[in-house]
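The values are calculated or read from the model by the stated rules, or taken from the named source; none is laboratory data. Keep in mind it's a predicted model, so treat the numbers as computed, not measured. Here the Cβ positions follow ideal geometry from the backbone for every residue, glycine too, while neighbour counts run over all protein chains shown.
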Amino acid sequence: MAAYPREELEAMVEHWLEVNRRAEATGDWRGMAECYTEDATYGWNYGPEVNFMAVGRDQIRDWAIGLEMDGLDGWTYPYEQVLIDEKIGQVIGLWRQVADAERSDGSTYEIAGIGGSWFRYGGNMQ
């Protein structure tokens, strides 16, 4: 694992968060593909036996942050904490999933729990 200057990783995180905010505002997440290297992988599980993996920037753009995010207009994903390890060039972000719809008491709908993203930095803000 490569080490990177902490300032570079912090700049990448700020760039990532700004791209996230733009995607939330426009409802189009595909622009986030610029944050991934050409050979990146992006995966998650749907439960104990079903996994998804997009391989390469095109699949990430078209499937992982394209088809999977279509129709989620109005949702935001505020980051609660970001942990940076510059020695190994990795970042972990912990976020919530909040809808723009409100209950009768004025509170928002939110998926219970915290989501997480784990990034291995590849340089060049990706």
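Can you pull out the residues in region 46-92 that are over 12 Å from ARG30 (Cβ atoms), aliphatic (A, V, I, L, M) and modelled with pLDDT under 95? Matches in region 46-92: LEU72 only.
Within region 66-96, can you find the residues that are out of contact with any Leu (no Cβ under 9 Å at 6 or more places or on another chain) and either touching a residue at least 40 places away in the same chain (Cβ under 8 Å) or in a strand (DSSP E or B) (or both)?
Within region 66-96, the subset out of contact with any Leu (no Cβ under 9 Å at 6 or more places or on another chain) is 66-78, 87-88, 95-96.
MET69, LEU72, ASP73, GLY74, TRP75, THR76, TYR77, LYS87, ILE88, TRP95, ARG96 - these are the residues of region 66-96 that are out of contact with any Leu (no Cβ under 9 Å at 6 or more places or on another chain) and either touching a residue at least 40 places away in the same chain (Cβ under 8 Å) or in a strand (DSSP E or B) (or both).
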